[in-house]
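Participant: My questions all concern the structure below.
The values are calculated or read from the model by the stated rules, or taken from the named source; none is laboratory data. Because the structure is predicted, anything quoted here is derived from the model rather than measured. Using ideal geometry, Cβ is built from the backbone for each residue, glycine included, and neighbour counts are taken over all protein chains shown.
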Ligand code: AMP
Ligand code: ZN
């Protein structure tokens, strides 16, 4: 089975064929850095990372770009356009700090969380404020081609100039007006027109351009310009969370197609929102969790990665602390599969017949790959990997099969990013250091005992001396 993906634009699952053989150009909408991203945001970012890893598993070279929105995302952007306050500036006022300090501080936290969650570095992480010139050129092009118009320092996109406007979200321009999902603004030729560039002398982050002295870009324009600058006019895949479908991606599609004369992305993919305690995350309920909140409760970031990827990205998944406990236990079993495979490979256990379990392995590999190829169906793929544990515990796998199974398991773990396949050797290193420390203490060689303890600390190991001996755990 070839890789099939669900395209929001055409509302169907289609075989994935890249524009250029062997290569995939992908743009992922990144965070607006006015706060530390919450675990819901990471569901979208981890989905993008999983997609990239799966494309790499299939042998593609992936040119991946995930932006950082550090200006122009307004508080009303999810319902209307060009209304409300700039999210970054509003936060800067709340914290009584400079917008730049705000975006730099939260960008650092975002990158820290992404690294903790095992996200692979994309080819580029452009910041919107570094692509202002490219945005201006694109807006000028839209004016020149008759798709945009200026009113004083503001520039609006003329939605009636692009008949396909609404195709992605299923919205019709008439309905948008009737449903008042657009701002009433006297300047606009049509109420559904949206801002490409805004003028506001009171805005803190502003640029002098051909449109006037004090302006800043519209959020949608930022992504169109950064995608074009780094990946070109036509890309393979564009992703985001489900709330990005409208207006963000609908507007990006219109702007890019009209400025470049070609559709921006062949496939549009969207992750469904994460629910917490069965509902929307909300500050008033106190359940807007961050990665450090999860770590503080004693979980490893990879437990969270597993919890966020365990469900198919287009289905609703829920987060609770009880689910996190379940995920920890399930992941321990998945880790154990690797430990058991190592043992069979090392001849410490397993079936006498080296070929035992060959057909089981074939089923597991095809179950895993066909699951992932079916629009990243992780529940099916993970369940296939879980099938290996019982036959291994029952001694039904032979050494030759275990060698191949371990090689496959490592590749599968690499695609998913949460299973530890070399835990056994890591554990052996820890045990050896604990033994060294014990021996040094017995010999009253305190320097050597401290050195062993420091080495353990560096590995992220916490020790506890108990009457039953030393107990250790990973931090
Ligand atoms: P923002 O920082 O608001 O621009 O959002 C960054 C990304 O997180 C966007 O792609 C959103 O669609 C996504 N997102 C926001 N909330 C959630 C959630 N609860 N579950 C999944 N994705 C989300
Ligand atoms: Zn975007």
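Participant: Which numbered condition trips up residue 414, out of (1) modelled with pLDDT under 95; (2) in the same structural domain as residue 329 (by TED's automatic domain parsing)?
Facilitator: Condition (1) is where residue 414 drops out.
Participant: Hey, among 454, 404, which residue is surrounded by fewer than 18 Cβ atoms within 10 Å (Cβ to Cβ) and under 30 Å from residue 352 (Cα atoms)?
Facilitator: Working: 454 fails: under 30 Å from residue 352 (Cα atoms).
So the residue among 454, 404 that is surrounded by fewer than 18 Cβ atoms within 10 Å (Cβ to Cβ) and under 30 Å from residue 352 (Cα atoms) is 404.
Participant: Taking the range 88-108 as the region of interest, how many residues are over 15 Å from residue 74 (Cα atoms) and within 20 Å of the chain's Cα centre (by Cα)?
Facilitator: 5
Participant: Quick test of your reading of the structure: residue 236 fulfils all but one of (1) within 14 Å of ligand 1 (Cβ to nearest atom); (2) not in a helix (DSSP H, G or I). Name the failing condition by number.
Facilitator: All conditions pass for residue 236, except number (1).
Participant: Further, regarding this structure: Can you name the number of the only condition in (1) crowded, with 23+ Cβ neighbours inside 10 Å; (2) touching a helix residue (DSSP H, G or I) at 6+ places or on another chain (Cβ under 8 Å) that residue 233 fails?
Facilitator: (1)
Participant: Sticking with this structure for a sec: If I ask for residues that are closer than 23 Å to residue 350 by Cα and either surrounded by fewer than 16 Cβ atoms within 10 Å (Cβ to Cβ) or outside the structural domain of residue 346 (by TED's automatic domain parsing) (or both), which ones from the range 369-386 would you list?
Facilitator: Across the range 369-386, the qualifying residues are 383, 386.
Participant: Pairs needed: first member in the range 222-240, in contact (Cβ under 8 Å) with a residue 12 or more places away in the chain and more than 16 Å from residue 258 (Cβ to Cβ); second member anywhere, part of a helix (DSSP H, G or I) and away from ligand 1 (no atom under 14 Å from the Cβ); C-beta distance under 7 Å; at least 6 residues apart or different chains.
Facilitator: 222/135; 229/134; 235/227
Participant: Are any residues in the range 35-69 within 15 Å of ligand 2 (Cβ to nearest atom) and in contact with a helix residue (DSSP H, G or I) (Cβ under 9 Å, 6 or more places away or on another chain), and if so, which ones?
Facilitator: Hits for the range 35-69 are 37, 41, 44, 45, 47, 64, 65, 66, 67, 68, 69.
Participant: If you take just the strands (runs of 3 or more DSSP E) that sit entirely in the range 185-226, which of them hold at least 1 residues that are at pLDDT 95 or above, within 16 Å of ligand 1 (Cβ to nearest atom) and within 34 Å of the chain's Cα centre (by Cα)?
Facilitator: 212-217
Participant: Oh, and also: Need the failing condition index for residue 152 against (1) in contact with a helix residue (DSSP H, G or I) (Cβ under 7 Å, 6 or more places away or on another chain); (2) at pLDDT below 95, just the number.
Facilitator: (1)
Participant: Inspect the range 348-368 for any residue being in contact (Cβ under 8 Å) with a residue 60 or more places away in the chain and crowded, with 19+ Cβ neighbours inside 10 Å and give the result as yes or no. Steps first, please.
Facilitator: Applying the first criterion (in contact (Cβ under 8 Å) with a residue 60 or more places away in the chain) to the range 348-368 yields none.
No - not one qualifying residue is present in the range 348-368.
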